[in-house]
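Following: one structure in structure tokens, then a few remarks.
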Protein chains: 2
Amino acid sequence: MDKSALKDLHVLIDHVGPLRPGEYVFREGDPFNVIAAVRAGTVKTSLLSRDGDEQVLGFHLPGEVIGLNAIDGERYPCDAIALDTVMLCQFSFPQIATLATRLPNLQKHLFKLMSRDIGSVSLYTGNRSADERMAAFLISLSRRLAARGFSPRHFQLTMPRTDIANYLRQAPETVSRVLRRFERDGLVRIKLRDVEIIDMDRLETMALTVLRY
Amino acid sequence: MDKSALKDLHVLIDHVGPLRPGEYVFREGDPFNVIAAVRAGTVKTSLLSRDGDEQVLGFHLPGEVIGLNAIDGERYPCDAIALDTVMLCQFSFPQIATLATRLPNLQKHLFKLMSRDIGSVSLYTGNRSADERMAAFLISLSRRLAARGFSPRHFQLTMPRTDIANYLRQAPETVSRVLRRFERDGLVRIKLRDVEIIDMDRLETMALTVLRY
DNA sequence: CGATAGGTTGACGGTTCTCAAGGGAGGTGG
DNA sequence: CCACCTCCCTTGAGAACCGTCAACCTATCG
């Protein structure tokens, strides 16, 4: 990527935040303009049905991009909500797409980002047990945080149990019980939202059927 | 799109088929080269775990594109298998990506295709009942077939019950029972793989919690 | 210090899975 | 043309996992 190109990219970036817990990055139905990279904090994406019940689609950590599922319909198909204090970089998608025609590497990067999203969404679709899905959830968080330089063994859950439960297709009570059992079995230590992974190997083994590696 | 561009696109197309039931379009781990549009028949994408059990990711009907989830890893992350007699158009992805830098509309089209895939994968992730998921499955097939000019009320299931069950996170026995109950309730008429939708409205209402519209 | 949201725990019940057996449909070979 | 074989589908009985309901507990914060 040459210098003038990098400069072009720079002027497209819009730094946003800090957002407070509960603030919306975008709402379902909003006209699509920008994609956003999480710089700090956690963003939850979710759908709200007519009768008010929520479906959590994902949790997005620093380094991850949201909004790519809005390109097709030209409106955001879900809500994106800050779970804690969130910092973002926003990019005008029309502008970045135009720029991508001049920068094959940028185009390739965008294709890859979207391709990865297709795959990651299908991770939890399998018919696995509550234990396996929970193990996969914890291992996935651990790995993604590690990739950004955070500790893979000790981190905070930035979301309430109800959101975890919803994401994993479980009742909040089940989440609570599974976590407590993991603790009794010496896999983790958990105090409210503080997670410490004790036996990474065993947890990864449990997660394997969901994550595949 | 101008004429010379269309010509460029044309030379990239590789017509493949007919494939017989059970033949592979690609296998997990194969190096990624091409994306493929289904022209006729149904393609199943699925993952095979180490201990041999399958996870069905999707069924792909005429007009739908497969292989987009392979861009990121440069290998196909799943198997793609013909369920009946299948005809395909294959496109060299590197070539089409290069061409897309010259054709903004083509680039936009690719972005949209991938964006749509991200959304459609997350359709069945919700924690809905066996009945709702089955209704959504039938309505989804109906609509996608209608979009290609086939009858929305009368069509063939091209896959065995085990594949439907796997896709919907159910036991094959549950699929059978739910379909039989739908029939008793006057929603559909089903004889093995022949499906006739009797009460489209009621079926769509059931599917609404999954499909959202 | 009280209020509120979030988390835990127990008892119970239901949806769905598992196991087991039986019944076609379609293909192949005699 | 029929017999047999192999999938595939269906049906029933029982069990298990997990959801629901209810109550209680615990942080956190104004």
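The values are calculated or read from the model by the stated rules, or taken from the named source; none is laboratory data. Quick caveat, the model's predicted, so the values are computed rather than measured. When we count neighbours, we look across all protein chains shown, and the Cβ atoms used for this are built from the backbone with ideal geometry, even at glycine.
Go through the residues of segment A:59-73 one by one and say whether even a single one is more than 18 Å from the chain's Cα centre (by Cα) and over 26 Å from B:Pro77 (Cβ atoms).
no
Take B:Asp117 and tell me if it is under 23 Å from A:Gly73 (Cβ atoms) and either in a helix (DSSP H, G or I) or acidic (Asp, Glu) (or both).
Working: under 23 Å from A:Gly73 (Cβ atoms): yes; either in a helix (DSSP H, G or I) or acidic (Asp, Glu) (or both): yes.
Yes; evaluated as a whole, the condition is true for this residue.
Just for segment A:141-176: of the residues that are more than 14 Å from every other protein chain (Cβ to nearest Cβ), of a type in the set (A, V, I, L, M, F, W, C) and farther than 16 Å from A:Leu83 by Cβ, which one is nearest to DNA strand D (Cβ to nearest atom)?
This residue is A:Ala146.
Just wondering, is there one or more residues in segment B:178-186 that are in contact with a strand residue (DSSP E or B) (Cβ under 6 Å, 6 or more places away or on another chain) and farther than 30 Å from A:Val210 by Cβ?
yes
Suppose we filter B:Leu187, B:Leu138, B:Leu179 for residues that are away from DNA strand C (no atom under 14 Å from the Cβ), away from chain A (no Cβ under 14 Å), in contact (Cβ under 8 Å) with a residue 12 or more places away in the chain and farther than 20 Å from B:His60 by Cα; which single one remains? Steps first, please.
Numbers: B:Leu138 fails: farther than 20 Å from B:His60 by Cα; B:Leu179 fails: away from DNA strand C (no atom under 14 Å from the Cβ).
Answer to the selection: B:Leu187.
Among the candidates A:Arg202, A:Arg212, which residue alone is over 19 Å from A:Thr42 (Cβ atoms), more than 14 Å from DNA strand D (Cβ to nearest atom) and within 13 Å of chain B (Cβ to nearest Cβ)?
On the way: A:Arg202 fails: within 13 Å of chain B (Cβ to nearest Cβ).
On inspection, the qualifying residue turns out to be A:Arg212.
Please go through (1) surrounded by fewer than 21 Cβ atoms within 10 Å (Cβ to Cβ); (2) within 9 Å of chain A (Cβ to nearest Cβ); (3) without any contact (Cβ under 8 Å) to a residue 12 or more places away in the chain for B:Arg102 and return the number of the only condition it doesn't satisfy.
Looking at each condition in turn, B:Arg102 falls short on (3).
Taking B:Gly119 as the residue in question, decide whether it is modelled with pLDDT under 95, buried (at least 18 other Cβ atoms within 10 Å of the Cβ) and more than 16 Å from DNA strand C (Cβ to nearest atom). If you could, list the steps in order and put the result at the bottom.
Numbers: modelled with pLDDT under 95: yes; buried (at least 18 other Cβ atoms within 10 Å of the Cβ): yes; more than 16 Å from DNA strand C (Cβ to nearest atom): yes.
Considered against the rule, which asks whether it is modelled with pLDDT under 95, buried (at least 18 other Cβ atoms within 10 Å of the Cβ) and more than 16 Å from DNA strand C (Cβ to nearest atom), B:Gly119 comes out as yes.
Name the single residue, out of those in segment A:190-213 being more than 13 Å from DNA strand C (Cβ to nearest atom) and assigned to a loop (DSSP other than H, G, I, E, B), that is nearest to A:Gln55 (Cα to Cα).
Of all residues in segment A:190-213, those more than 13 Å from DNA strand C (Cβ to nearest atom) come to A:196-208, A:210-213.
Adding the requirement that they be assigned to a loop (DSSP other than H, G, I, E, B) leaves A:198-199, A:212-213.
Numbers: A:Ile198: 31, A:Asp199: 31, A:Arg212: 24, A:Tyr213: 26 Å.
Step by step, filter segment A:190-213, then rank; the result is A:Arg212.
Scan (1) in a helix (DSSP H, G or I); (2) within 20 Å of the chain's Cα centre (by Cα); (3) surrounded by 20 or more Cβ atoms within 10 Å (Cβ to Cβ) for the single condition B:Thr158 breaks and write down its number.
(1)
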